[in-house]
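Single-structure report; data block below.
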Amino acid sequence: MRALAADPALRAAFGAAGRATVEGRTWAAVGDRLIGHYTNVLAARRTVVAA
């Protein structure tokens with residue numbers, strides 16, 4: 001924390017990296033990804049139950 005407090009360039013770099021990381025994470029995109037996970041889990045469950 002002290003390093004961040006003392007270094008404006010480091011804070012800017014961390015901020016830019018954070019923004020770049022979450023740029024595509026809209027509520028719609030997160031919801032679509034979650035639905036995809038649920039779909040995969042249900043498909044795997046059907047395969048196991050049917051076996």
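Miscellaneous remarks
- Degrees between helix 27-50 axis and first principal axis of the chain (Cα, 0 to 90, nearest 10): 30
- Percent of C-alpha pairs per 5 Å bin in segment 1-47, short distances first: 5, 19, 13, 12, 11, 10, 10, 8, 6, 4, 2, 0.
- Helix 8-22 vs. the chain, principal-axis angle (Cα, 0 to 90°, nearest 10): 20
Since every read-out is calculated from the coordinates, none of them should be taken as a lab result. Keep in mind the model is a prediction, meaning the values are calculated, not measured.
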